Amino acid sequence: MNCNNCNRMLSRYLDRELDQGRASELEEHLARCPACRDELARLAADAEGLRTLESAGPSPFLVTRVMAEVRLSRRSRRPAWARAMATTAALLLVAGGAFAGIRVGTSLAGNGETTDEMLVSADETFAGFTESLLMEDQ
Ligand SMILES: [Zn+2]
């Protein structure tokens with residue numbers, strides 16, 4: 001197993017959706033690959049954050065509201081660290097919301113392979129979004 005295959009299966013591994021053979025292949029890879037262990041820890045933390053968001057009951061307009069907050073906090077002349085904190089909090093909420101939307105969408109579709117592909121493309125979108133925010137701040 002290589003890192004690519006490993007990464008694609010991590011979310012299903014966390015959801016205990018892998019069969020025994022796949023799961024032990026993946027565990028073997030994790031045992032000798034620190035990068036994939038980090039990724040697993042990150043996914044587990046995301047899942048934990050998602051449960052917290054779900055229990056708080058996010059509204060469908062969460063992302064819009066968060067982005068409005070970000071724009072407002074930029075306009076006011078707050079110190080850089082305060083804006084950085086607001087941006088970080090907003091990003092976490094947006095990421096959690098996007099993740100929740102994808103999970104709901106694909107559990108309706110009921111196709112595990114698609115879940116991973118959508119997660120990958122959501123990750124890429126999110127990375128681009130983060131970069132554009134960071135660039136603006138410089
Ligand atoms: Zn790896």
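Taken together, the values in this text are just the output of simple stated rules run on the coordinates, not laboratory data. Quick caveat: nothing in here was measured; it's all calculated off a predicted structure. Note: ideal-geometry Cβ built from the backbone for every residue, glycine included; neighbour counts use all protein chains shown.
Counting neighbouring Cβ atoms within 10 Å and putting the fewest first, the residues D38, D46 line up as D38, D46.
Taking 20 °C and 1.002 mPa s as conditions, region 1-44 diffuses translationally at an estimated 213 µm²/s according to Stokes-Einstein applied to its Kirkwood radius (Cα pairs).
Can you give the FRET efficiency for A68 and E48, using 1/(1 + (r/R0)^6), R0 = 22 Å, r = Cβ-Cβ distance, to the nearest 0.05? The computed FRET efficiency comes out at 0.25. Checking every one of the trypsin sites (Lys or Arg not before Pro) in region 15-44 against DSSP loop status and a limit of 13 other Cβ atoms within 10 Å picks out R16.
Here the spin labels are modelled as points 7 Å beyond Cα on the Cα-Cβ line, and at A89 and D19 they lie 4.8 nm apart.
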